[in-house]
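Throughout, read-outs are computed from the coordinates displayed, never taken from laboratory work. Predicted, not measured: the structure shown is a model, and the values here were computed from it. Ideal geometry is used to build each Cβ from the backbone, glycine not excepted, and the neighbour counts take in all protein chains shown.
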Amino acid sequence: MSETIRLTPRLRAAADWVPQNAVLCDVGTDHAHLPAALVLEGRISRAIASDIRPGPLERARRTVQAFGLEGQIETRLCPGLENIAPGEADTVTICGMGGEMIMGILAAAPWTREGVRLILQPQRSQPELRRWLREHGYRIVSERVVAEGPRWYTLLLAEGGADSLPVEEIQDLAGHPAVWVREGSRPEYLKALREKQQRLLAALGKSAQAEEQRIRNMEREILLLGQWEDRLRRGEWPEWQR
Ligand SMILES: C[S@@+](CC[C@H](N)C(=O)[O-])C[C@H]1O[C@@H](n2cnc3c(N)ncnc32)[C@H](O)[C@@H]1O
């Protein structure tokens, strides 16, 4: 057995946001690769790996045992953060779940607004999650995009607090440009998002019930995505980056 765990690019990106010596809770841990890799790398020395289902938690236990990490990683069977007391973790990762599920988990644990670093990787409903965070006392500090084969993943770094960013039309769809991490893949991601919106718009255009306002909004989003893509390709990142 090797002494490291090679994380996928998506989980690597989440791991990179975990601060040195953080006390981590990885919600929906499944195989516990994320906390185990971080302990093996010496980044953290304590973590809770939790999951709602016994099968995935058993997989987590097997990883912990295989690497002899019983003293550092505690596995816990529970939905969301239900059995995690406030103060038990200063960093929470929730990766590989739908945006609605992430909202539900945070709504049931309001202590996550008090000085906790949240690393969120929603599989879908990213616009809804961004809006929900803003309306429920969280602010997005940073956003990354990661490609794994043909699939794009979005990662949000969030914390409790009010957001004072100027409102941009595309902020719920693509995130606010001010929080985009300067990374080479962003223009490619914006292109993929723009093309997806164009396909949706084409399908909507064929529907007799298509609302005029919705069509106008989508056209504007597509225009803004294209403008940002061109600017970033020219190296013009937003000046007001956090
Ligand atoms: C697709 S896996 C993701 C595993 C890992 N976090 C990753 O990103 O590779 C989703 C995991 O979340 C767990 N899960 C789903 N809903 C949950 C909830 N409400 N609370 C805790 N775990 C949950 C599932 O049992 C499953 O193990």
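Charged side chains reduced to their Cβ positions (Lys and Arg at +1, Asp and Glu at -1) give the chain a dipole of some 540 debye around its Cα centre. Here the extension length gained between Asp230 and Trp152 equals 26.1 nm, from 0.36 nm per residue of separation less the Cα-Cα distance. For the options Thr93, Thr29, Thr63, a Gaussian network treatment of the chain with springs between C-alpha atoms closer than 10 Å singles out Thr63 as fluctuating the most.
By how many nm would the segment from Glu114 to Arg12 lengthen if fully extended, with 0.36 nm per residue of separation less the alpha-carbon distance? Numbers along the way, then the final one.
Numbers: separation 102, 0.36 × 102 = 36.72 nm, distance 2.55 nm.
Result: 34.2 nm gained on full extension.
Suppose we look only past 18 Å in the calculated P(r) of the stretch 9-164. What percent of the Cα-Cα pairs does that tail hold? Write out the running numbers ahead of the final one.
Numbers: 6601 of 12090 pairs.
Here the long-distance tail beyond 18 Å is 55 percent of all Cα pairs in the stretch 9-164.
Count charges around Ala147 for me, please; just the other residues with Cβ under 13 Å from its Cβ, Lys/Arg as +1, Asp/Glu as -1. Here the count lands on +3.
Using a Gaussian network model of the chain whose springs link C-alpha atoms within less than 10 Å, name the residue from Gly96, Gly28, Gly184 with the highest mean-square fluctuation. Result: Gly184 has the largest fluctuation of those listed.
Computed from backbone phi, the HN-Hα couplings of the stretch 178-192 come to 5, 10, 5, 5, 6, 9, x, 7, 4, x, 5, 5, 4, 5, 4 Hz, rounded to whole numbers (Karplus: 6.51 cos²θ - 1.76 cosθ + 1.60, θ = phi - 60°; Gly and Pro given as x). Multiplying the residue separation of Ala202 and Ser185 by 0.36 nm and removing their Cα-Cα distance gives an extension gain of 3.5 nm.
Rounded, prolate or oblate for the stretch 116-242? Axes are the square roots of the Cα gyration tensor eigenvalues, ordered a ≥ b ≥ c, and the cut-off for rounded is a/c under 1.5. Don't skip to the answer; put the middle values down first.
Working: a/c = 1.64, a/b = 1.35, b/c = 1.22.
Prolate shape, in that a/c is at least 1.5 and a/b is the bigger ratio.
Computed over the chain with a Gaussian network model linking Cα atoms closer than 10 Å, the most mobile of Arg61, Arg194, Arg216 is Arg216. Of the residues Ala192, Ala174, Leu224, the one whose Cα sits farthest towards the positive end of the charge dipole of the stretch 169-236 is Ala192 (charges of +1 on Lys and Arg Cβ, -1 on Asp and Glu Cβ, taken about the Cα centre). The residues packed around Arg61, meaning those with a beta-carbon under 13 Å from its beta-carbon, carry a net charge of -1 if Lys and Arg are +1 and Asp and Glu are -1.
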